[in-house]
1. Indicate the helices, whole DSSP H runs only, in chain B that combine a mean Kyte-Doolittle hydropathy of 0.0 or more with a Cα extent along their long axis of 24 angstrom or more.
2. If you put +1 on each Lys and Arg Cβ and -1 on each Asp and Glu Cβ, how big is the dipole of the protein assembly as shown around its Cα centre, in Debye rounded to 20?
3. With charges only on Cβ, +1 for K and R and -1 for D and E, what is the dipole size of segment B:138-288 about its Cα centre, in debye, rounded to 20?
4. Take the alpha carbon atoms of the protein assembly as shown, find their radius of gyration, then divide it by 2.2 N^0.38 Å using N residues; give the quotient.
5. If each DSSP helix of 4+ residues adds -39,500 (n - 2.57) and the sum is divided by the residues in the protein assembly as shown, what number results at 222 nm, nearest 500 deg cm²/dmol?
6. Rank A:Gly123, A:Gly29, A:Thr57 by how far each Cα sits towards the positive end of the charge dipole of segment A:9-157 (+1 on Lys, Arg Cβ; -1 on Asp, Glu Cβ) and give me just the farthest.
7. Can you list the lysines whose alpha carbon is less than 22 Å from that of A:Lys4, not counting same-chain residues fewer than 8 positions off?
8. Could you tell me the convex hull volume per residue, in Å³, taken over the Cα atoms of chain B?
Amino acid sequence: MKEKLLLDQKRLSIIIDRLCHQLIENHNGFNDSAIVGLQPRGVLLSRRIHQRMKEITGNQNLLYGELDITFYRDDFRRRESVLIPSEQKIDFIIENKNVILIDDVLFTGRTIRAAMDALTAFGRPSSVELMVLIDRRYSRELPIEATYVGHVVDSRNNDKVVVDLKQTGTKDAVWLITNIENK
Amino acid sequence: MSKLSTRHLIGIKDLTVEDIQQIFETADNFKAVINRPIKKVPSLRDITIANIFFENSTRTRISFELAEKRLSADTINFASSSSSVSKGETLIDTVNNILSMKVDMVVIRHPSAGASKFLAKHIDAQIVNAGDGTHEHPTQALLDAYSIREKLGDVKGKKVVIVGDILHSRVALSNILCLQKLGAKVMVCGPTTLIPKHMSELGVLVEHNLRKALEWCDVANMLRIQLERQEIKYFPSLREYSMLYGLDKPLLDSLGKKITIMHPGPINRGVEITSEVADSDQSIILQQVENGVAIRMAVLYLLAAQG
């Protein structure tokens, strides 16, 4: 097993700032826009983005939610362990909003497919965009691409990308783990 | 988290405490789902479920059917009154015929105790017991305990009295087992003739005076007198039963504390419980019904995950 540091804390904070500014550039005033993080692993990033957006724009009323996609996944009954749902928090109207979905890693695209289904169960958004911290390109199983990308990684299918964001914002890191031995 | 420890849901007996906790946590999520504008998720879209009811039911059957539909399963409904059972077909033949049409799960209610266990032994599909005679009614017990957890924060350490026809009640047995597993103290209360012998061997307190039982408890679960299962007279008259074991507003208000009132339905208003009590703010009878759908969704989802 080999671990390679892809992003350290300094680069991560630069990337998060850049992603925030891209959002501000594309979303006029953020009046009809909402940030939605994907449970379970996307929410640490989306909380960070939400926090940073409030600091940059000074707007404390940005719409923010967290979406659980468990019941919309396409691998139910096709894997060994049970899919356990996480908490969901969408306490605003999705209808006619510009929604930015946020996840940590874009890999096969299946999570995002499920997320779009889960999202439309709350209403019809006027648009949906996708922001990811890491894009593992050439690994897609569905025709899905991100609107905002933090960092692009070339990796093999059995590699692993670990996004280690701390609640406190210190010692963040992103690792690429290769040569994982099969048990 | 891991899978449930059982492939079928025959009774609370077969569930571990971890199983019950997992069902509750999953039900929390489904409760959020059924309160959304779009109340459906696609999890069980490739599963077919047969609801086989050899006994009358309103709540349980509708609740299961709704849970299945909210999970996007395909459902078949079967009631014995309108079927070939009345032409003399056996239980196994009936079910095997239904299964040969490729059904993955069977929800069964039957007047004989052990019917669901018998089926689980002899057929491939997963079985969910929706009440077998006077034996068990596991999903009712789960939703009752879940409703107590929702109302009082936790089940552990709570005192629950089950009042009425304990002898003929599958709800009582499943409730006792479930509440005890979760750490509650359980008492049963009713006329001597309607309390089974050896109750104390289950670790259950027995009380024949309703007032004393109510003064002891945090939660009172009022059961219906199951006249249809009683082949002999167990008490002189319904009127006398109602006077001794019926819960009315003056009695409830005289307790000096606010206990929670539950009822698994159907209610015989004016017998075990008066309308005033059933509709009071201490009653969580309708919340029980709402939670029933979430609990059944959780059970079906977690069982289906085992394939």
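1. TM-like helix candidates: B:17-34, B:285-304.
2. Value, rounded to 20: 460 debye.
3. Taking the Cα centre of segment B:138-288 as origin, the dipole is about 320 debye.
4. Against the empirical 2.2 N^0.38 Å value, I get 1.16 for the protein assembly as shown.
5. Values: 14 runs with 162 residues, N = 490.
When only DSSP H runs of four or more count, the value is -10000 deg cm²/dmol.
6. A:Thr57
7. Cross-link targets: A:Lys160, A:Lys166, A:Lys171, A:Lys183.
8. 136
Just so you know, all these numbers are worked out from the coordinates, no wet-lab data involved. None of the values given here were measured: they were computed from a predicted structure. Positions of Cβ are generated from backbone atoms using ideal geometry, with glycine treated the same way; all protein chains shown enter the neighbour counts.
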